């Protein structure tokens with residue numbers, strides 16, 4: 001089993017839809033979680049950072065962490081064509097060290 | 001908004017040559033990192049650096065690689081003798097500390113020919 005898994009997509013949704021992006025992981029020691037957006041041939045752009053379980057909201061983005069299920073989610077409300085990108089989850093057991101990245105989910109938001 | 005700056009944006013080098021990739025992290029950040037991404041593959045951790053020393057490194061970060069923070073602003077990655085398989089995007093990142101995410105630079109695309 002891979003350490004961090006994501007549905008590779010591509011996921012296509014119409015503009016305005018609510019998008020749900022998910023990651024599962026195998027290492028129960030992970031407690032720091034991040035979501036990134038990456039446009040083609042660009043650096044990852046930090047969207048959300050969370051610690052341990054629970055929800056965090058920032059604008060149109062909501063991150064959820066369920067450590068008991070080893071499952072994290074990113075919800076995007078009112079999706080826009082500019083949200084079309086690859087979404088990466090990353091996680092680590094210890095802050096300041098290796099964050100393990102998932103392979104990414106490609107999202108296309110169609111106008 | 002503060003950003004992590006990387007130079008050059010693209011470097012082409014011959015196999016066996018040394019390259020130095022440069023990064024200017026965000027000024028009040030204390031933790032520094034290098035990651036790489038081979039085209040079409042996932043982002044992979046290379047090394048983390050805190051308090052002027054390496055705090056963790058991956059299996060990829062072998063003796064060919066080294067990092068330095070030569071002054072108060074720059075953070076460099078050196079590859080001593082490049083191989084074809086070192087061709088990738090190299091990303092520098094920095095973070096303030098616990099409670100903050102990692103901010104990535106735009107990357108240096110390294111092409112080894």
Checklist line | Any strands (runs of 3 or more DSSP E) falling wholly within segment B:15-113 and containing at least 2 residues that are within 11 Å of another protein chain (Cβ to nearest Cβ) and touching a strand residue (DSSP E or B) at 6+ places or on another chain (Cβ under 7 Å) | finding: B:31-37, B:44-50, B:53-57, B:88-95, B:108-112
Check: Among the candidates B:16, B:107, which residue alone is under 12 Å from the mean Cα position of the chain (by Cα), in contact (Cβ under 8 Å) with a residue 60 or more places away in the chain and at positive phi?
Finding: B:107
Notebook entry, point to check: Identify, please: which residue in segment A:6-24 is over 14 Å from residue A:74 (Cα atoms) and at pLDDT below 95 and is, among those, surrounded by the most Cβ atoms within 10 Å (Cβ to Cβ)?
Noted result: A:9
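The values are calculated or read from the model by the stated rules, or taken from the named source; none is laboratory data. Every value quoted in this text rests on a predicted model; they were computed, and no experiment measured them. Cβ: placed from backbone, ideal geometry, glycine included. Neighbour counts: every protein chain shown.
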